[in-house]
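Structure, as structure tokens:
The values are calculated or read from the model by the stated rules, or taken from the named source; none is laboratory data. Just so it is clear, the structure is predicted and the values come from calculations on it, not from any experiment. No Cβ is skipped: glycine too gets one built from the backbone with ideal geometry, and neighbour counts run over all protein chains shown. The protein model used for the area step is the full one, side chains on, heavy atoms only, and it has no ligands, DNA or RNA in it. Shrake-Rupley method; radii C 1.70, N 1.55, O 1.52, S 1.80 Å.
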2 protein chains.
Amino acid sequence: MITGKNYIGNLLSSIGNTTYKTFNPQTNTENGVLFHEASGIEIEQAIELASEAFVTFRDVSGTKKAEFLNEIANEIEGLGDELIKTYCLESGLPEGRAIGERGRTVFQLRSFANLVKEGSWVEATIDTADLNRQPIPKVDIRKMLIPLGPVVVFGASNFPLAYSTAGGDTAAAFAAGCPVIVKSHPMHAGTGELVAFAIIKAASKTGMPNGVFSNLNSSGIEVGAKLVKHSGIKAVGFTGSIRGGRALYDMASQREEPIPVFAEMGSVNPVIILPEAAKSKGAEWAKTYAGSITLGSGQFCTNPGLILGIKGNELINFIEVLSEEIVKIEPTCMLHPNIISAYEIHKAKMLAQKGLQTTATFEKEVPKNYGRQAITTVEGITFLKNTNLHQEVFGPFSMIVQCENVAQLEEIISKLEGQLTGTILGENDEVKKYTKVVSALQNRVGRIIFNGVPTGVEVCAAMVHGGPYPASTDSRFTAVGTESIKRWVRPFSFQSWPNELLPNELKNENPLGISRVVDGKITTHKL
Amino acid sequence: MITGKNYIGNLLSSIGNTTYKTFNPQTNTENGVLFHEASGIEIEQAIELASEAFVTFRDVSGTKKAEFLNEIANEIEGLGDELIKTYCLESGLPEGRAIGERGRTVFQLRSFANLVKEGSWVEATIDTADLNRQPIPKVDIRKMLIPLGPVVVFGASNFPLAYSTAGGDTAAAFAAGCPVIVKSHPMHAGTGELVAFAIIKAASKTGMPNGVFSNLNSSGIEVGAKLVKHSGIKAVGFTGSIRGGRALYDMASQREEPIPVFAEMGSVNPVIILPEAAKSKGAEWAKTYAGSITLGSGQFCTNPGLILGIKGNELINFIEVLSEEIVKIEPTCMLHPNIISAYEIHKAKMLAQKGLQTTATFEKEVPKNYGRQAITTVEGITFLKNTNLHQEVFGPFSMIVQCENVAQLEEIISKLEGQLTGTILGENDEVKKYTKVVSALQNRVGRIIFNGVPTGVEVCAAMVHGGPYPASTDSRFTAVGTESIKRWVRPFSFQSWPNELLPNELKNENPLGISRVVDGKITTHKL
């Protein structure tokens, strides 16, 4: 049962007076439950509990943290239909998507459980002493990664499960040994409360300290701002708009003690279609991209919003087929009236830009809150001169840039803002002729794709979901995959420390059997 | 021969009108050469050259980068006596220190050469495709670390060689594949120019692109500010004061595209002397610490400025012996009149704090610019209440805090600002009784030392030189040791990329024979 209250550690609490409701975009009506925004006192309580919990949680073994993470996954599955139903009522997304995203969420939790149970992720590095070294003896130094402290995670509007309450950020922070305070996304506060309940239950079952998790409701920006500015918070995870992410980054960097903000923000995910590919597979790619652009109403950070090619009949043909294909697809419901209204405003602003032509737009009647897809095209020189054309239109919208020649294509790529992904559609032999274009693209993105679509972000160790600003606030880290644990840790050295007092990861005996770098060699052996 | 000019790539340049000279603190006179501050035009030229150089330098192989780094080390050694003489004239430091620091500098360069020649540092990670996976096929994803772009390095006043022109920051950035623009430290601009010449010569000998390195002179803050604010610069390295580091951090975080600033700043490096150790080895530790506090006139970021113990005769005895020992040591010359004047001002401010008692100060006549050491003591409750007492006094100064009991000791530690190091002096069995104190200390520092001194920072893979703010601006990275290369790189993914177009680090054949994580297993094998 959803109560509308906050979880301050393991206690439900609702002492604040501000309330709000979630919204069903399919029926265009409010949902029933009244949610209580967290008050200043509740925020302080949650942070105090998290700080206390950190003192013990940071030393919890990998095995125990794995139990906790696996139990969260089990408890989320145990929520059954209520979770799926609530997810759909609060997002307008279909049941299949809800089930798929739940699968991704529990997969992420279990991936992090496996990572910390195995244990080598701490990058244990040992440089042994050399008492005979001249001119001074060499001391014994041992290093490993340790958690930063309490972390604030902001729920994402477009991933009510996989990048919200128990999503990638939270799972990675728990795995690292950091308590988490979630600032629940107001659009799906009920989904958030259900998942929070699952986390609280799992924490209690596996003996985690009270305060290892709190869930705070809020429909405005005050709760998030208070959290980010509080000296008890040591890092922040966010997925959302450039405006929102930058505001949090600014708050965090202006603190007396600045803290890292990992904000995964906007991206138009440029796709380059090379001439040979446009010629031989243009129609095929057009069909594939019609699907990618409209997937989930285009509400993905990896949605292909920008396609670049070199002027010619092949590119014209690609644009024509893409335009035909995209209007065949039935529009779908967007997440919230605010999202569809932002989509319509940004789309209209874009369409008003000089030199932009619309080649396709879905014209038929659609239900309220459904997003009508659109395809536009523009000359390379116009795109170069007007950076307004570089902005993201969050929704089922894409723009094809017709470049004069390879040099112009390269210039455009090199002047693009930072992006999450870049894609090359080309024939194998063809790509070799465009090394400069590929090199320029590599310099602007976090992930580069060959003959595929940017939508679909695999959860694995080799994934980079992040990129040069404004794709993310810190390109040195990924937000997806097991390596995202690195955001919440720092390296720590023990010098000449007694063996029996070292953490297990660094003891001579290597009791955990993890991979370590000992005097420059990777080994699982004891010293 | 020192010209007083800037290196804009491989050309000497002096079009600006502002000039300054370096200073010999031993003779209290200016040195002869006139240095030309870099003008706005020269700054632009250096950045443009660095950006152009990055296009090729980022793809230079590990073997070639190793040649470059080793050649810089050779060229620095080839500078011979002129370098050592200039170093001493510009710093007032003795020849032995100059020779030792040159040794550390070339060791660092060669360590990074070995790291990139071997090649596994890029953390190559491969997740192979699984076309049969349900519900959708798994794509092939391969990740490695790639360089960020042109980096600005600020020379440090207290390390004219090891943390300046070709110091740790520069060596790590070159190793990563980033061009470097050094903002030379005005106190040792001649030493800087000689080393810059060595770098330029090495770059030319090993075929590195022009612009991979520039050296800009300046005695004020404008040149540094212009560099940090420029969109062509992608990261910053700094060693110095909290005020200076924070100013750069603020500039960098307020840019349209914020960039990482790795500033290694202030630290008082708390040392805890436990009762049993004070009893059995108090006099011995006192003598050792008298040496550590005065080493290099206390001008080290790891200088032990704060010693904490529990009230009692043993601690009194420790303070007495330390006070006796420290006045036996002859004061030495500090780096510059500005440094000695800052030392005297901060020391006087500290001595004026209520409740602080001076137990030792060097009273005899000393030459101008020599730093007189001082030892002070204060009650735990006074230290807790007055955070002015927590500030660093850069120089041969230390404060002993007499805590009422273990609880107060723990409270003080937990309320300390972030520190580079923390040290425990204790008998082996004794430490086990102080797990909470040790745990609190661990949470405030980057490196913890058992029965040793914090001065002396080993250059190795397991070293962490950094820590919670304000010890550094980003505790997630170290400034010393081969792992410091991580500051200048970001992870990058290739998805479904043709094998022949992948970088060697990620090709199926593993032509470099590096360690890689393939489907979760560490291996040097080919796929």
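Quick one: buried accessible area between A and B, total over both chains, 1.4 angstrom probe, nearest 100 Å²?
Heavy-atom accessible area buried at this interface is about 6000 Å².
Quick one: with label points 7 Å out along Cα→Cβ, list the inter-copy distances for residue A:435 in nm, shortest first?
Label point to label point, same position, other copies: 5.9 nm.
Normalised by the number of residues in region A:456-520, what is the relative contact order in percent for Cα pairs under 8 Å and 6+ residues apart?
On the way: 55 pairs, mean separation 12.8, N = 65.
Computed over region A:456-520, the figure is 20 percent.
Specify, for chain B, the residue whose C-beta is closest to the rotation axis mapping it onto chain A, with the distance given in whole Å.
Smallest Cβ distance to the axis, with its residue: B:253, 2.
Given N residues in region A:143-270, what is its alpha carbon radius of gyration divided by 2.2 N^0.38 Å?
1.02
Working from Cα positions, state the angle (0 to 90°, nearest 10) between the long axis of helix B:275-294 and the longest principal axis of chain B.
70 degrees
Throw me the Rg/Rh for the protein assembly as shown, computed over C-alpha atoms with Kirkwood Rh, two decimals.
0.98
Relative to the present Cα-Cα distance, how much length would full extension add between residue A:1 and residue A:526 at 0.36 nm per residue of separation?
Difference between extended and current length: 183.9 nm.
For a quick check: with amide H placed at 1.01 Å from N, whose amide H comes under 5 Å from residue B:448's, ignoring anything fewer than 5 positions away on the same chain?
A:493, A:494, A:495, B:422
Using each residue's phi in region A:34-48, evaluate 6.51 cos²θ - 1.76 cosθ + 1.60 at θ = phi - 60° and report the 3J(HN,Hα) Karplus result to the nearest Hz, with x for Gly and Pro.
Going residue by residue, I get 8, 9, 9, 5, 5, 8, x, 5, 5, 4, 4, 4, 4, 5, 5 Hz, with x marking Gly and Pro.
Under the classification rounded if a/c is under 1.5, otherwise prolate if a/b is larger than b/c and oblate if not, where does region B:275-406 fall, given a ≥ b ≥ c as square roots of the Cα gyration tensor eigenvalues?
Values: a/c = 2.11, a/b = 1.37, b/c = 1.54.
Oblate shape, in that a/c is at least 1.5 and b/c is the bigger or equal ratio.
In degrees, nearest 10, range 0 to 90: what is the angle between the Cα axis of helix A:80-91 and the longest Cα principal axis of chain A?
Taking the Cα atoms of chain A, the angle to A:80-91 is about 50 degrees.
Along the charge dipole of chain B, which of B:326, B:510, B:479 sits closest to the positive end, that is, farthest toward it, with unit charges on the beta carbon of Lys, Arg, Asp and Glu (+1, +1, -1, -1)?
B:510
Taking only DSSP H segments of four or more residues, each worth -39500 (n - 2.57), what value at 222 nm results for chain A once the sum is divided by all its residues, to the nearest 500 deg cm²/dmol?
-12000 deg cm²/dmol
Could you report the accessible area of residue B:34 in Å², rounded to 10, computed with a 1.4 Å probe on the protein chains as they sit in the structure?
Counting only protein heavy atoms, residue B:34 exposes about 80 Å² to solvent.
What's the magnitude of the charge dipole for region B:274-343 around its Cα centre, counting Lys and Arg as +1 and Asp and Glu as -1 at the beta-carbon? Answer in Debye, nearest 20.
100 debye
Mind checking the mean number of beta-carbon atoms from other chains within 10 Å of the Cβ atoms in A:252-264? Mind showing how you got there, number by number?
On the way: counts 1, 8, 3, 1, 4, 6, 9, 4, 4, 2, 0, 0, 0.
Per-residue shielding by partner chains comes out at 3.
Which of the aspartates and glutamates could a cross-linker bridge to residue A:205, judged by Cα under 16 Å and excluding same-chain residues fewer than eight apart?
A:67, A:71, A:75, A:77
Can you compute the radius of gyration and Dmax for region B:119-172, using only the Cα atoms, both in Å?
Both quantities, over Cα of region B:119-172: 20.3, 60 Å.
Using the charge dipole of chain A (Lys, Arg: +1 at Cβ; Asp, Glu: -1 at Cβ; taken about the Cα centre), state which of A:27, A:452, A:136 has its Cα farthest towards the positive end.
So the residue furthest toward the plus end is A:136.
Give me the distance between the Cα centres of region B:109-124 and region A:338-387, rounded to whole Å.
One Cα centre to the other: 48 Å.
Mind checking the dipole of chain B: about its Cα centre, +1 per Lys or Arg Cβ, -1 per Asp or Glu Cβ, Debye to the nearest 20?
I would put it at about 620 debye.
Work out the length of the dipole vector of region A:1-145 about its Cα centre, built from +1 on the beta-carbon of each Lys and Arg and -1 on the beta-carbon of each Asp and Glu, and round it to the nearest 20 debye.
About 440 debye.
State the percentage of accessible surface on the protein assembly as shown attributable to carbon and sulfur atoms; use a 1.4 Å probe and exclude ligands, DNA and RNA. Could you put the intermediate results ahead of the total?
Working: 20280 of 38070 Å².
C and S atoms contribute 53 percent here.
Using amide H atoms built in the peptide plane, which far-off residues or other-chain residues are under 5 Å from residue B:178 H to H?
Under 5 Å from the amide H of residue B:178 lies no amide H from a residue far enough along the sequence or on another chain.
Please list B:109, B:512, A:148 from largest to smallest accessible area, probe radius 1.4 Å, with all protein chains kept in place.
B:512, A:148, B:109
With a cut-off of 8 Å between alpha carbons and a minimum separation of six or more residues, what is the relative contact order of region B:106-169 in percent?
27 percent
Taking Cα atoms, how many degrees apart are the long axis of helix A:62-78 and the longest axis of chain A, rounded to 10 and kept between 0 and 90?
50 degrees
Sort region A:438-527 into rounded, prolate or oblate with this rule: let a ≥ b ≥ c be the square roots of the eigenvalues of the Cα gyration tensor; rounded if a/c is under 1.5, and if a/c is not under 1.5, prolate when a/b is larger than b/c, oblate otherwise.
prolate
Within 10 Å of each Cβ of A:49-59, how many other protein chain Cβ atoms are there on average? Show your work: numbers first, answer last.
Working: counts 0, 0, 0, 0, 0, 1, 5, 1, 0, 3, 3.
So the per-residue partner count for this stretch is 1.
Shortest first and in nm to one decimal, what separations exist between residue A:12 and its copies in the other chains, measuring from label points 7 Å along the Cα-to-beta-carbon line?
In ascending order, 7.9 nm.
Give me the percent relative contact order of chain B, please, defined on Cα pairs under 8 angstrom at least 6 residues apart.
Averaging sequence separation for qualifying contacts and normalising by length gives 17 percent for chain B.
Using the heavy atoms of the protein chains alone and a 1.4 angstrom probe, what is the accessible area of the protein assembly as shown per residue in square angstrom?
On a per-residue basis, 36 Å².
What list of ³J(HN,Hα) couplings, whole Hz, do you get for region B:53-59 from phi and the Karplus terms 6.51, -1.76, 1.60, once you set θ to phi - 60° and write x for glycine and proline?
Those phi angles translate into 4, 4, 4, 9, 4, 5, 9 Hz.
Output the direction-averaged projected area (hull surface divided by four) of the convex hull of the alpha-carbon atoms of chain A, in nm².
Projected area, direction-averaged: 27.0 nm².
What residues have an amide H closer than 5 Å to that of residue B:524, excluding those fewer than 5 places away on the same chain, when H is modeled at 1.01 Å from N in the peptide plane?
Hits under the 5 Å cutoff: B:516.
Report the antiparallel proportion of the DSSP beta bridges in chain A as a percent, rounded to a multiple of 5.
40 percent
In a shell of Cβ-Cβ distance under 9 Å around residue B:479, excluding residue B:479 itself, what net charge do Lys and Arg (+1) and Asp and Glu (-1) give?
Neighbour charge sum, excluding residue B:479 itself: -1.
In nm to one decimal, list the spacings between the residue B:407 label point and its equivalents in the other copies, with label points set 7 Å along Cα to Cβ, shortest first.
Label-point separations across copies, in nm and ascending: 7.8.
What is the sum of charges, Lys and Arg at +1 and Asp and Glu at -1, for the other residues whose Cβ falls under 14 Å from the Cβ of residue A:117?
That sum, taken over residues with Cβ under 14 Å, equals -1.
Once phi is turned into ³J(HN,Hα) by the Karplus curve 6.51 cos²θ - 1.76 cosθ + 1.60 with θ = phi - 60°, what whole-Hz value does each residue of region A:254-261 show in order, with x for glycine and proline?
Rounded to whole hertz, the list is 8, 5, 4, 9, x, 10, x, 10.
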